[in-house]
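This report refers to the structure that appears directly beneath it.
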Amino acid sequence: MEALKLNEASEKHKEKESKSTKTSIYRIVWRWHFYAGLIFSPFLIILAFSGAVYLFKPQIESFLYQDLYYVKENHSSTISPSEQISRVKEKYPEGIVNSYKTYDDPLRTSEIGISNDGQSLSVFVNPYTGSINGSLNSEKKFTEIFKKLHSELIIGGTFANRLVELAACWCVILLITGLYIWWPRNRASIWGTILPRFNKKGRIFWRDMHAVPAFWLSIFVLILIATGLPWSGVMGEQINRFATATNTGTPPYAYSWDAKPESIIRTRDVAQDGPWATENLAVPSSKASSYSTISLEDVSYIAGNNKVAKPYAISMPQSEKGVYTITTSHTKPGDNATLNIDQYSGAVLTDVRYNDYGITAKAITVGIALHEGRLFGLANQIIGLIVCMGLIGVVISSFIMWKKRKPSGKLGAPSKVQDKKLTRSVFFIMLALGILMPLVGISIILVFLLDRFVIPKFKPLRGWVN
């Protein structure tokens, strides 16, 4: 009988110990979630808001710049691209023509890119009459402001780009830790778990308005982050290296017309807004010839003959060895194309299409189209908008929840757990995530050093934080 009582006592002790361990892990994870949210939430609002606006770039620009983008009526015939460029040169005699872009909409103007007085301008020409509708500074378009806000926080530069990438990567950790905190510990009702309790007030209401939408949006937010990372500085470079090492980017056989060119000039150096998969491809050289260069009409004919889908841009050769580069990337992923044309003979030196991409490049190309809201039209844009607005709502609800529970004069962070073994275990799990996302790993080490060596040295700061 006494042995039975001892066994029951032992079981109760183990159960209590297990419960205590789970509670400690919960508090450690909550503490990481709290600090990550406090630091990076403002950046997530900026990314979500700017992304939501940029999703509707085609509609916004068509409305704001309709006098530049469109002609009132189309005619039976157009004037030649060369003549259109001549009209632009008449108006901008000092300008250097960089590109010519044509659209599949018969009411769209041709867009001619020039460098003039240190500025990059897009000049819009009526393809039927040759009259110039006007011009825009390419970097000052309304949607470009939001693009720069989304990728560089307006200020630009490497630091801002890395900060955006860091915020996006920490959002992944916020989602993982948030799902752990949200996960039901028992047979909880659907209310407060997958549906918010609207009949509650105060912290419980705001907790549900934070946790429940975050649960439903989590997979969509992860997709948005994953499809945006190829543009980032650190993770993007890792993705590039992975695609190259595994031959799943744009493999050498994609150069179906010639040997792989040896060149330090890349597609991104000569063509704007080309496909992600080909922006790092080496550009071949034209073979010097005593013959004159081919015309822009010839290049347009080559594009049509090779079934390059509109809209496409033709980038001009900028030297004797330069080539015409035809790129299209703002249509469906399957229509992506990058062609390099010898400026003298008209020979197609390289022709790289979506079907030539490796599996990684194909997946990223589809992901980018999804991220920009053009993979499946308006529905894609609306889903993206809902996710962005939902993310902003989740952040705002977390701020309200924090303000309601924060003691006066304190930060309101979850208290530290004294079990160093558990704390260390969670820390190393976080570091493992940091290996996958290097900027996160560096920031975790900095936070650890700050928490371990700096905060304890200053009593007022220690009291405020804890």
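The values are calculated or read from the model by the stated rules, or taken from the named source; none is laboratory data. Predicted model only: the values in this text are computed from it and were never measured. With ideal geometry, Cβ positions are generated from the backbone for all residues, glycine too; neighbour counts draw on all protein chains shown. Calculation scope for accessible area: heavy atoms of the full protein, side chains included, ligands and nucleic acids excluded. Shrake-Rupley method; radii C 1.70, N 1.55, O 1.52, S 1.80 Å.
Structure notes:
- When the solvent-accessible area of the chain is split by element, carbon and sulfur atoms take up 61 percent of it, the probe being 1.4 Å.
- When the square roots of the Cα gyration tensor eigenvalues are ordered a ≥ b ≥ c, the ratio a/c for region 348-447 is 1.5 or more and a/b does not exceed b/c, which makes its shape oblate.
- Separation of region 416-455 from region 116-181 is 33 Å, based on Cα centroids.
- Cα gyration tensor, region 37-179 - rounded (a/c under 1.5), prolate or oblate: prolate
- Relative contact order of the chain, taken over Cα pairs closer than 8 Å and 6 or more residues apart, is 18 percent.
- Per the Kirkwood formula applied to alpha carbons, region 133-173 shows a radius of gyration over Rh ratio, Rg over Rh, of 1.17.
- Here the extension length gained between Thr193 and Ser415 equals 77.5 nm, from 0.36 nm per residue of separation less the Cα-Cα distance.
- Compactness of region 32-106 as Cα Rg over 2.2 N^0.38 Å, two decimals: 1.88
- Among Asn98, Gly134, Ile46 the positive-end extreme of the charge dipole of the chain (Cβ point charges): Ile46
- Leu446/Ala245 FRET efficiency (R0 35 Å; Cβ-Cβ; nearest 0.05): 0.75
- Here the chain is assigned +1 on the Cβ of each Lys and Arg and -1 on the Cβ of each Asp and Glu. Its dipole about the Cα centre then comes out at about 3740 debye.
- Exposure of Thr423 as accessible area (Å², to 10), given a probe of 1.4 Å and all protein chains: 50
- Against the compact-protein benchmark of 2.2 N^0.38 Å, the Cα-based radius of gyration of region 240-387 scales to 1.09.
- Stokes-Einstein D in µm²/s, Kirkwood radius over Cα pairs - region 339-383 at 37 °C with 0.692 mPa s viscosity: 260
- Taking only Cα atoms of region 168-212, radius of gyration then Dmax in Å: 11.6, 35
- Distance from the Cα centroid of region 300-344 to that of region 96-111 is 13 Å (rounded to whole angstrom).
- Anchor Lys200: aspartates and glutamates whose Cα lies under 20 Å away (excluding residues fewer than 8 positions away in-chain): Asp208
- Accessible area in square angstrom per residue, region 261-333, 1.4 angstrom probe: 53
- Charges were assigned to the Cβ only: +1 to each Lys and Arg, -1 to each Asp and Glu. The resulting dipole of region 322-466 about its Cα centre is roughly 1640 debye.
- Å³ per residue enclosed by the Cα convex hull of region 425-466: 66
- Dimensions in Å of region 134-216 - Rg and Dmax from alpha carbons: 19.7, 65
- Across the chain, Cα-Cα pairs farther apart than 36 Å form 43% of the total.
- With every protein chain in place and a 1.4 angstrom probe, the accessible-area ranking of Tyr70, Tyr312, Tyr128, largest first, reads Tyr70, Tyr128, Tyr312.
- Accessible surface comparison of Ile359, Ile223, Ile400, probe 1.4 Å, protein chains only, largest first: the order is Ile359, Ile223, Ile400.
- Ellipticity estimate at 222 nm from DSSP helix runs (n ≥ 4, -39,500 (n - 2.57)) divided over the chain, nearest 500: -17500 deg cm²/dmol
- Cα-Cα over 22 Å, subset of Lys57/Lys332; Lys19/Lys459; Lys91/Lys148; Lys141/Lys307; Lys22/Lys459; Lys201/Lys404: Lys19/Lys459; Lys91/Lys148; Lys141/Lys307; Lys22/Lys459
- Charge-dipole axis of region 327-466 as Lys and Arg at +1 and Asp and Glu at -1 on Cβ define it, positive-most pick from Gly409, Val348, His371: Gly409
- Extension gain from Ser120 to Lys91, taking 0.36 nm per residue of separation minus the Cα-Cα distance: 8.9 nm
- Membrane-span-like helices in the chain (whole DSSP H runs, Cα extent of at least 20 Å along the helix axis, mean Kyte-Doolittle hydropathy of at least 1.0): 157-182, 202-228, 377-405, 420-436.
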